[in-house]
Structure formats: C-alpha cells, structure tokens
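A quick write-up on the structure given underneath.
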Amino acid sequence: MTEPATIPYEPHIGDTRQYWRDIVLGVNDGLVSMVLLVAGVVGGGLSAGQVLLTGVAGAIAGAVSMAAGEYLATKSQDEVLDAELALERSHIRHHRDQELDQLRDMFTDMGIDPDDLETVVAAFNRSDDTLLNAMKSLEFGVVDSERRSPFKAMLFSGVLFLLGSLPSVVPFALTDDTGLGLLWAGALASIGLFAVGVAKARVTRGSALLAGAENLVIAGLGGIVAYVVGDLVGASVA
C-alpha cells in the first residue's frame, strides 16, 4: 500500500497578522483614492501643474487622516476592551457563579462532552487570572498576541497610504500632458493594485489572479465614474 504523501509544515505569518487590515487598507486606499482624484481633476480640465499640486495635497492630507484615524480608532478599541476586562475582573470577584455558568454555556457551544464539562470548568476556576483569561478569549474574543498597537497601526496605514499615492502623483511631475500623465497614473496604479491583490492572496492562500483582478475592477470602475463626474462638473463651471 502506498503511504500518503507527507504534507510539509507551513508556518503562520506571525506577528504581522493583526496588521494586515492596516497594510491592505493603507496601500489600497492610497492607490485607489489618488487615481480617482487625479482622474476627476484631469476630467475637470486642470493643468498638469494643478493636478500635481492637488495630488500632493491629497496624498499628504490622506496619509495624515488615515494615520490619525487609525491611531484613534485602535486606541479607542483598546480602551473599550480594557474597561470591559476591568468589569470582568469585578464580575469574577463578586459574581463568580454567573461567570462560571457563562463559561459552561460557551464550552457546551464549543462541543465539550457533558461528562467532561465540570472537569474543564473546574480547571479554569482554580484562579482569578486563569478564569479571566478564559473569559477574555471566549467572551470578548481577545488574545493578547493579536491586539494591535495604535502606533504600529498608525504607521502602517499612514505610510502605506503615502506610498500608494505615488504612482498617481509622480507622472504629473514628469509631463505637462495631462492625458499622458493620467495614462501613466492609471497604468502604474493598476500594477500596484494587482500587486497588492497578489500579496494578499499569498497571505490568505487564495487565488492571486482573482485577488488582483478584484482590485483592478473596483479601481477601474471608480476611475471611470470620477473622470466622468469631473468632466461634467468642469463643463458646468467653465
């Protein structure tokens, strides 16, 4: 009988796992929003210099906004969780039986055999810290190693937004022809969007082609809409 092939051990992605939301959001937002912005203002009839100024201002404003927003959102989430955990400590001290009943219900939902249930609950009931850790993971979905640093989240989202903005801004520093600049901006942003999709697919173990195409389709449709709207607004105010 042929022995089944041994599947090699594949390590997890590690400490960056909890920041992939910020990584993808930051660079994707920079790529998409800036190509939409330049498409809109080119459609509105701005010169290359005006498009460049608009792009630089938009890139800086977007990066600062992304960084500040992500910092405040992550910090606020941490503060809410800390407040909930402080309340949970109080519940464990003063309402332990209710907490143990909740633990039983959660273990039952997880499929723990009823014959083993009290043994498992008793093991977690040995100390306040052990019970708190169990409730922290099961009731609040909090794992300390997965919590995000507000500073790292801020840097990832802000810096990557700025990098994602470059393909749409740089062409207008190199040419006075807005049509050519928009063509290059679209091409470079498309390459960036496809690359982000491929990188995401490597982490999620999905289809690189589908992930890249998804990014391109979303940005492409948005770019068409932005150009048309810019053209209509430009014609109405001319």
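Check every DSSP H run in the chain and write down those whose alpha carbon atoms cover 24 angstrom or more along the long axis and whose mean Kyte-Doolittle hydropathy is 0.0 or greater. Intermediate results must be reported in sequence, preceding the final value.
On the way: long enough: 20-43 (34 Å, 1.44); 48-94 (68 Å, 0.30); 150-169 (28 Å, 1.46); 178-204 (38 Å, 1.34); 208-237 (43 Å, 1.63).
Taking the DSSP H segments of the chain (at least 24 Å long, mean hydropathy at least 0.0), we get 20-43, 48-94, 150-169, 178-204, 208-237.
What does the convex hull of the Cα atoms come to per residue for the stretch 20-230, in Å³?
Numbers: hull volume 29.8 nm³, N = 211.
Hull volume normalised by residue count: 141 Å³.
Does anything in the stretch 19-43 have its amide N under 15 Å from the 7 Å Cα→Cβ label point of Ala195, and if so which residues?
Answer for this model: 24, 27-32.
Would you list, by chain and number, the aspartates and glutamates whose Cα falls below 18 Å from the Cα of Lys75, excluding same-chain residues fewer than 8 positions away?
Asp22, Glu84, Asp144, Glu146
Name the lysines eligible as straight-distance cross-link partners of Lys200: C-alpha to C-alpha under 23 Å, and not fewer than 8 places from it in the same chain.
Excluding near neighbours in sequence, the set is Lys152.
Mean-square fluctuation check for the chain, GNM, Cα pairs under 10 Å: which of Val42, Val225, Val169 is largest?
Per the Cα network of the chain with a 10 Å cutoff, Val225 tops the list.
Which of these, Ser149, Ser207, Ser127, has the largest mean-square fluctuation under a Gaussian network model of the chain (Cα springs below 10 Å)?
It is Ser127.
If the elastic network links every pair of Cα atoms under 10 Å, which of Ala199, Ala153, Ala83 fluctuates the most in the Gaussian network model of the chain?
Ala83
Just subtract the alpha-carbon distance of Ala173 and Val64 from 0.36 nm times their residue separation and send over the number in nm, one decimal. It would help to have the intermediate numbers written out before the result.
Values: separation 109, 0.36 × 109 = 39.24 nm, distance 2.19 nm.
Between Ala173 and Val64, full extension yields an extra 37.0 nm.
Before anything else, pin down the relative contact order of the chain: Cα pairs under 8 Å, at least 6 apart, normalised by residue count, whole percent. Display every interim value, and only then the final one.
Values: 272 pairs, mean separation 94.9, N = 238.
Over the chain, the number comes to 40 percent.
Any read-out appearing in this document is the output of simple, stated calculations on the displayed coordinates, not a laboratory observation. Here the structure is a predicted model, which means the values were calculated and not measured. Because the Cβ atoms are built from the backbone with ideal geometry, glycine has one as well, and the counts that use them run over all protein chains shown.
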